[in-house]
Amino acid sequence: MEFFETILLPFRWLVSWVMQAFHEGFTFIGMDAASGWTWTLSIVGLVVVIRAALIPVFVKQIKAQRGMQALQPDLRKLQQKYKGKTDQLSRQAMTQEQMALYKKHGTNPFAACLPILIQMPFFFALFTVLNGVSSASENGEGIGALTVDDVRQFDAAEIFGAPLSSSLLHGWGTPGHGSVAVLSIIMILAMTASQFITQKQIMAKNMSEEAMQSPFMRQQKIMLYILPLVFGIGGINFPIGVLIYWTTTNLWTMVQQFYVIRRMPTPGSPAAKALAERRAKKGLPMVPLLGEKKTEPAVEAVVEPRAQRVQPQRKNRKRK
């Protein structure tokens with residue numbers, strides 16, 4: 001646990017500093033420093049900062065996902081090539097050829113997970129900050145960049161009668177827990193629903209026909225139902241403040257994916273065909289899509305006309 005705490009320490013300081021900065025900003029423009037809504041908006045501000053910083057990583061994720069879809073036919077050929085071969089040399093050769101394919105297409109299977117992997121330390125840091133607010137308030141301690149007064153303010157902050165530091169699983173029988181239970185259930189449903197809708201939209205509109213028939217698609221279908229279930233079950237242990245963070249980031253992802261599906265769809269997907277039809281109706285040419293292979297225009301061979309041979313002319317000799 002000490003090793004885990006050491007890793008999270010800089011993230012905890014960064015998360016708490018961003019929250020405190022937004023809190024001071026909202027207080028400066030006239031909002032009540034002790035209000036739960038001021039702290040709620042500070043958490044939303046934290047989401048905006050993290051997700052805005054992740055936009056370049058998100059673009060790389062799109063390219064990696066489309067690269068993985070593009071190499072599916074080559075991967076299937078490779079699997080057929082080594083089908084039934086279980087010796088070590090064959091497995092090693094298959095792995096080397098797979099890595100060569102990833103390098104050729106400029107992708108790898110882990111790049112698609114980068115945004116969520118980068119977010120996880122911030123999520124755990126926020127969880128430890130909010131989860132430790134009550135005990136830190138009782139002991140008169142600060143957390144990261146949050147001072148003792150900040151911690152006590154946050155511990156007392158409420159929205160709709162529910163303390164931001166309370167969770168559905170803990171605090172049964174305490175005053176205001178009914179509000180905590182209702183708000184937690186609503187936010188857990190919003191969190192899981194937004195995640196499900198996002199994945200469903202991607203699978204229904206933004207995947208090519210080849211990708212729909214690949215093993216990758218079968219994994220996506222499984223994850224479509226497993227991930228919301230995991231976050232839904234785990235959500236009963238999240239403080240209200242963490243649920244606000246995760247619901248907000250899921251809504252950001254949903255809006256971001258709607259934009260990608262409409263403006264930068266996967267080549268060969270139903271969304272790409274819809275984009276082409278919309279542009280055709282407006283009389284606009286189709287633009288190259290992100291991750292689409294550039295096809296070089298065929299260059300016709302220019303046959304130069306053969307130069308006619310110039311006959312030598314006889315020189316007029318002077319008669320003697």
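The values are calculated or read from the model by the stated rules, or taken from the named source; none is laboratory data. Since we're looking at a predicted model, the values are computed, not measured. Cβ: placed from backbone, ideal geometry, glycine included. Neighbour counts: every protein chain shown. These area figures cover heavy atoms from the full protein model, side chains too; ligands, DNA and RNA do not enter into them. Shrake-Rupley method; radii C 1.70, N 1.55, O 1.52, S 1.80 Å.
For this structure, a couple of remarks:
- Residues of the range 39-74 classified as more than 14 Å from Trp252 (Cβ to Cβ), in contact with a helix residue (DSSP H, G or I) (Cβ under 7 Å, 6 or more places away or on another chain) and aliphatic (A, V, I, L, M), total: 6
- In the range 124-139, the count of residues that are under 14 Å from the mean Cα position of the chain (by Cα), part of a helix (DSSP H, G or I) and buried (at least 19 other Cβ atoms within 10 Å of the Cβ) is zero.
- Exactly one residue among Phe160, Phe123 is of a type outside the set (Ser, Thr, Tyr), touching a residue at least 24 places away in the same chain (Cβ under 8 Å) and closer than 16 Å to Leu243 by Cβ, and that residue is Phe123.
- Within the range 12-28, tally of residues that are open to solvent by 60 Å² or more (accessible area, probe 1.4 Å) and within 23 Å of the chain's Cα centre (by Cα): 1
- So Asp155, is it touching a residue at least 40 places away in the same chain (Cβ under 8 Å) and either out of contact with any Gly (no Cβ under 7 Å at 6 or more places or on another chain) or crowded, with 21+ Cβ neighbours inside 10 Å (or both): no
- The set of residues in the range 258-270 being at pLDDT below 85 and hydrophobic (A, V, I, L, M, F, W, C) consists of Met264 alone.
- Among the residues of the range 39-64, those that are surrounded by fewer than 20 Cβ atoms within 10 Å (Cβ to Cβ), closer than 26 Å to Ala125 by Cα and in contact with a Ser or Thr (Cβ under 8 Å, 6 or more places away or on another chain) comprise Val44, Arg51.
- Test result for Gly67, buried (at least 17 other Cβ atoms within 10 Å of the Cβ), in contact with an Asp or Glu (Cβ under 9 Å, 6 or more places away or on another chain) and touching a residue at least 40 places away in the same chain (Cβ under 8 Å): no
- Residues in the range 256-276 that are hydrophobic (A, V, I, L, M, F, W, C), open to solvent by less than 40 Å² (accessible area, probe 1.4 Å) and under 16 Å from Met203 (Cβ atoms): Val260, Ile261, Ala271, Ala272, Ala274.
- Meets criteria (within 30 Å of the chain's Cα centre (by Cα) and on the phi < 0 side of the Ramachandran plot) for Ala145: yes
- Of all residues in the range 140-152, those satisfying the criterion of being surrounded by fewer than 20 Cβ atoms within 10 Å (Cβ to Cβ) and either in a loop (DSSP other than H, G, I, E, B) or touching a strand residue (DSSP E or B) at 6+ places or on another chain (Cβ under 6 Å) (or both) are Gly140, Glu141, Gly142, Ala145, Thr147.
- Residue in the range 239-255 that is over 29 Å from Ser165 (Cβ atoms), surrounded by 17 or more Cβ atoms within 10 Å (Cβ to Cβ) and in contact with a helix residue (DSSP H, G or I) (Cβ under 6 Å, 6 or more places away or on another chain) present: no
- Cβ pairs under 7 Å, 6+ apart, first in the range 86-100 and surrounded by 10 or more Cβ atoms within 10 Å (Cβ to Cβ), second modelled with pLDDT under 85 and of a type in the set (Phe, Trp, Tyr): Ser90/Tyr82; Met94/Tyr82
- Residue ID - modelled with the lowest pLDDT, chosen from residues in the range 201-227 that are within 15 Å of the chain's Cα centre (by Cα) and farther than 29 Å from Gln80 by Cα: Leu227
- Listing of helices (runs of 4 or more DSSP H) fully contained in the range 191-268 that carry 2 or more residues being at positive phi and out of contact with any strand residue (DSSP E or B) (no Cβ under 6 Å at 6 or more places or on another chain): none
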